[in-house]
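Below: one structure, written as structure tokens.
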Amino acid sequence: MADPLITGIGEGRPGLLPSLGNAASDKAKEGKSFGETLRESVAEVNKLQQAAEAQAKDLALGKTKDVAQTLIAIEKANISFQLMLQVRNKLVEAYQEVMRTQM
Amino acid sequence: MDPFSSMDISASALSALRVRMNVIADNLANVDTTRTREGGPYRKKEVVFGAVQDQSFADALSGAAQATPGVQLLGIVQSQTPPRRVLNPSHPDADAQGFVLMPDINPLIEMVDMLSATRAYEANVTAIQSWKTMTNKALEIGR
């Protein structure tokens with residue numbers, strides 16, 4: 001008695017596995033791993049944070065008098081940091097989910 | 001597309017309106033100024049704003065980086081309206097007939113301009129805040 005669902009899994013759906021195989025070869029073509037992408041985004045966030053700090057320092061020292069531009073730099077840094085934090089939260093969540101997997 | 005382009009557009013407006021506010025304050029401060037370096041009374045100043053140009057066809061073809069749209073200050077021009085002639089013989093700058101050339105500045109108009117500049121500034125700040133709210137809402141999707 002062959003359950004259609006189980007046989008479906010056993011054989012592998014024709015559409016599903018080849019697509020996974022393609023993804024692996026695409027990765028080599030793009031040449032950028034997930035870790036690299038992550039590192040680049042963290043560097044980008046860091047750059048915005050440093051720009052915001054420089055602007056705040058300039059304002060405090062009286063080098064610039066545009067309060068709005070300073071606050072906008074700070075807000076950019078803040079929002080990009082929030083985005084990074086969300087990505088980190090998701091990563092940790094996924095890691096913990098994997099660690100909870102029953103063997 | 002830069003994720004912060006919306007913020008940059010509003011930021012350009014904030015900077016431009018700050019200049020506009022400075023010019024209005026200058027006009028109000030010099031409402032009775034009769035001596036300037038160029039000679040004659042103070043001339044009313046006006047700001048000229050220009051939209052940051054859209055990408056031209058040639059730029060798009062050569063793949064040049066697209067500038068963030070927004071507003072830019074093209075210059076501050078002096079108004080060409082003739083100065084008012086006011087009869088005030090006791091004024092040190094009065095001519096032989098006792099007339100003094102005074103700047104053609106109407107404080108009422110300047111006040112209204114100032115109000116509109118303030119409101120425009122507020123509108124742009126509100127646009128930035130709305131964009132922030134939208135982005136923060138988008139970040140809540142993952143929460």
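The values are calculated or read from the model by the stated rules, or taken from the named source; none is laboratory data. Here the structure is a predicted model, which means the values were calculated and not measured. Note: ideal-geometry Cβ built from the backbone for every residue, glycine included; neighbour counts use all protein chains shown.
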Legend entry - the stretch A:90-101 - residue that is of a type in the set (A, V, I, L, M) and exposed (fewer than 11 other Cβ atoms within 10 Å of the Cβ) and, of those, farthest from the other protein chains (Cβ to nearest Cβ): A:MET99
Legend entry - Residues satisfying the stated conditions in the stretch B:1-18, i.e. hydrophobic (A, V, I, L, M, F, W, C) and more than 10 Å from every other protein chain (Cβ to nearest Cβ): B:MET1, B:ILE9, B:ALA16
Legend entry - Enumerated strands (runs of 3 or more DSSP E) restricted to the stretch B:65-122, each holding at least 1 residues that are charged (D, E, K, R) and within 20 Å of B:LYS44 (Cα to Cα): B:84-87
Legend entry - Which numbered condition A:LYS76 fails, given (1) touching a residue at least 12 places away in the same chain (Cβ under 8 Å); (2) loosely packed, with under 15 Cβ neighbours inside 10 Å: (2)
Legend entry - Among the candidates B:PHE99, B:PHE49, residue that is at pLDDT 90 or above, under 23 Å from B:ASN30 (Cα atoms) and under 15 Å from the mean Cα position of the chain (by Cα): B:PHE49
Inset, instruction - Just one of (1) in contact with an Asp or Glu (Cβ under 9 Å, 6 or more places away or on another chain); (2) hydrophobic (A, V, I, L, M, F, W, C); (3) at pLDDT below 65 trips up A:ALA52, so point out which. - result: (3)
Inset, instruction - Just need a number here: residues in the stretch A:55-89 that are in a helix (DSSP H, G or I), out of contact with any helix residue (DSSP H, G or I) (no Cβ under 8 Å at 6 or more places or on another chain) and away from chain B (no Cβ under 11 Å). - result: 3
Inset, instruction - Could you tell me whether any residue of the stretch A:35-45 is at pLDDT 90 or above, closer than 30 Å to B:ARG18 by Cα and either more than 9 Å from chain B (Cβ to nearest Cβ) or exposed (fewer than 10 other Cβ atoms within 10 Å of the Cβ) (or both)? - result: yes
Inset, instruction - Scan the stretch B:23-58 residue by residue and report those that are assigned to a helix (DSSP H, G or I), surrounded by 15 or more Cβ atoms within 10 Å (Cβ to Cβ) and in contact (Cβ under 8 Å) with a residue 60 or more places away in the chain. - result: B:ILE24, B:ASN27
Legend entry - Out of B:ARG84, B:ARG20, sole residue that is under 23 Å from A:LEU71 (Cβ atoms) and surrounded by 14 or more Cβ atoms within 10 Å (Cβ to Cβ): B:ARG20
Inset, instruction - State yes or no: is B:THR126 assigned to a helix (DSSP H, G or I) and in contact with a Pro (Cβ under 9 Å, 6 or more places away or on another chain)? - result: no
Legend entry - Every residue from the stretch B:87-98 that is of a type in the set (A, V, I, L, M, F, W, C) and surrounded by 12 or more Cβ atoms within 10 Å (Cβ to Cβ): B:ALA94
Inset, instruction - List the number of the failed condition for B:ALA120; all other conditions in (1) aliphatic (A, V, I, L, M); (2) within 21 Å of B:ASP26 (Cβ to Cβ); (3) more than 14 Å from chain A (Cβ to nearest Cβ) hold. - result: (3)
